[in-house]
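Enquirer: Questions regarding the structure given below will be posed in turn.
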Amino acid sequence: MLAVTLLDRGPLADLEARDAGAVHTRPLDGSTLTIGWGELVLAAGDPAQAVPDTTVQRRIARWLRLRVALDEMLHAGAVVAPEAVEEVRLRILSRVRPRALPAEHALHPGTCWPQRTVLGGALDVGLALRGFDDDGHADPEAVGLLPASVLVAAQVDLGLATARADRYLQDMATLAGDRLRRDPTAVLRPLGDADVLTLLASREFRTALVDGQGMRSAAIPMRTRGWLDLGRLDPAFALSASMLTEPDERGFPRPVLVTVDEVSLVRAGGDPVRQSLADPAPAEPRRPASRGA
């Protein structure tokens, strides 16, 4: 908490640590919001999970920024008129989106975030919020991670938020599935506010992707692009593309196997780079004989 407040240049720099928790003074009327220490323990994630201190600080900072931002939105509505608070809650619900991440991803907020896990254990599915980036900074073009308990603390109906996110994912997955059926060889791309990982969390999209084949392999080294038919790709492609992508933008570090019900990461092992180098180079095309020869 001390590291977060000292390093932040925004509203978190003004938080005060007291016995009851972190206290934020609302700029509108000088009233205060107390964020209990129990909330911050939840934001930090499972203490048994070995994660760097910088990751814990990032999780706490994200939680605090979102908590303060939602509170100020709701408090502003309450100052205008008591009935306006419900309108603000509905406005927040309208911005809720789905989001899927691998469990070991650099952005993963920890155990407080997933609403479900796709069979196979490769993807956790949670919520995101349009208007904020993945660190909780306001950004009208971004869709950032949203721990569900932040909504609960702000007294926004979590059931309605989850249902809305599920409907949004179903709609985007249906459209993405239609796009894939029209061009089965196309590179997998995001649709709307759903990136490729999030689309893959939908059964509708997996059904279109498998297309009756039972199982299909895919390389999704980044959140915004995926490739099918790995027999036509260099074996080292998924590994190299993932390593060359910024950690926040990465997808899966290795290929995945996809069925209608599951997404599974292939086992680690082997040496794809050596395998690529061992493949024989294609023969150089013969140059046609010139008339002067």
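The values are calculated or read from the model by the stated rules, or taken from the named source; none is laboratory data. Computed from a predicted structure; not experimentally measured. Note that each Cβ is placed from the backbone with ideal geometry, even for glycine, and that neighbours are counted across all protein chains shown.
Enquirer: Does residue 88 satisfy the condition of being modelled with pLDDT of 90 or more, surrounded by 12 or more Cβ atoms within 10 Å (Cβ to Cβ) and more than 20 Å from residue 161 (Cα to Cα)?
Expert: no
Enquirer: Output the number of the condition that residue 56 fails; it satisfies all remaining conditions of (1) within 20 Å of residue 149 (Cβ to Cβ); (2) in contact (Cβ under 8 Å) with a residue 12 or more places away in the chain; (3) outside any helix (DSSP H, G or I).
Expert: With (1) within 20 Å of residue 149 (Cβ to Cβ); (2) in contact (Cβ under 8 Å) with a residue 12 or more places away in the chain; (3) outside any helix (DSSP H, G or I) applied to residue 56, the lone miss is (3).
Enquirer: Got a number for residues in the stretch 91-100 being more than 14 Å from residue 148 (Cβ to Cβ) and either out of contact with any Ser or Thr (no Cβ under 6 Å at 6 or more places or on another chain) or part of a helix (DSSP H, G or I) (or both)?
Expert: Here the count works out to 3.
Enquirer: Pick out the one residue from 85, 96, 41, 68 that is under 24 Å from residue 158 (Cα atoms), of a type in the set (A, V, I, L, M) and touching a His at 6+ places or on another chain (Cβ under 7 Å).
Expert: The match here is 68.
Enquirer: Can you tell me how many residues within the stretch 163-184 are closer than 14 Å to residue 95 by Cα and surrounded by 22 or more Cβ atoms within 10 Å (Cβ to Cβ)?
Expert: Within the stretch 163-184, residues that are closer than 14 Å to residue 95 by Cα and surrounded by 22 or more Cβ atoms within 10 Å (Cβ to Cβ) number 2.
Enquirer: Tell me the residue from 74, 129, 160 that is more than 30 Å from residue 266 (Cα to Cα), in contact (Cβ under 8 Å) with a residue 40 or more places away in the chain and surrounded by fewer than 15 Cβ atoms within 10 Å (Cβ to Cβ), please.
Expert: After ruling out the rest, the residue left standing is 160.
Enquirer: Taking only the stretch 2-33 into account, find how many residues are on the phi > 0 side of the Ramachandran plot and either out of contact with any helix residue (DSSP H, G or I) (no Cβ under 6 Å at 6 or more places or on another chain) or acidic (Asp, Glu) (or both).
Expert: Total meeting the criteria: 1.
Enquirer: Moving to a separate point now. Where residues in the stretch 1-36 are more than 26 Å from the chain's Cα centre (by Cα) and in a helix (DSSP H, G or I), which of them is farthest from residue 109 (Cα to Cα)?
Expert: Result: 14.
Enquirer: Something else about it: Which residue is nearest to the chain's Cα centre (by Cα), if the candidates are limited to the stretch 118-141 and must be of a type in the set (Gly, Ala, Ser) and over 16 Å from residue 156 (Cβ atoms)?
Expert: This residue is 122.
Enquirer: Another question, then. Looking at (1) under 24 Å from residue 43 (Cβ atoms); (2) modelled with pLDDT under 95; (3) not in a helix (DSSP H, G or I), can you tell me which one residue 184 breaks?
Expert: All conditions are met except number (1).
Enquirer: Please identify the pairs in which a residue from the stretch 2-19 that is touching a residue at least 24 places away in the same chain (Cβ under 8 Å) has its Cβ atom under 7 Å from the Cβ atom of a residue that is of a type in the set (Ser, Thr, Tyr) and outside any loop (DSSP other than H, G, I, E, B), counting only partners at least 6 apart or on another chain.
Expert: 12/5; 15/5
Enquirer: For residue 150, state whether it is under 16 Å from residue 96 (Cβ atoms) and not charged (D, E, K, R).
Expert: So residue 150 passes the test.
Enquirer: Right, next: Scan the stretch 204-221 and tell me whether some residue there is assigned to a helix (DSSP H, G or I), buried (at least 18 other Cβ atoms within 10 Å of the Cβ) and touching a residue at least 40 places away in the same chain (Cβ under 8 Å).
Expert: Looking for residues that are assigned to a helix (DSSP H, G or I), buried (at least 18 other Cβ atoms within 10 Å of the Cβ) and touching a residue at least 40 places away in the same chain (Cβ under 8 Å), one finds at least one in the stretch 204-221, hence yes.
Enquirer: Oh, and also: Criterion first (assigned to a helix (DSSP H, G or I), among the aliphatic types (A, V, I, L, M) and under 27 Å from the mean Cα position of the chain (by Cα)) does residue 51 satisfy it?
Expert: In short, no.
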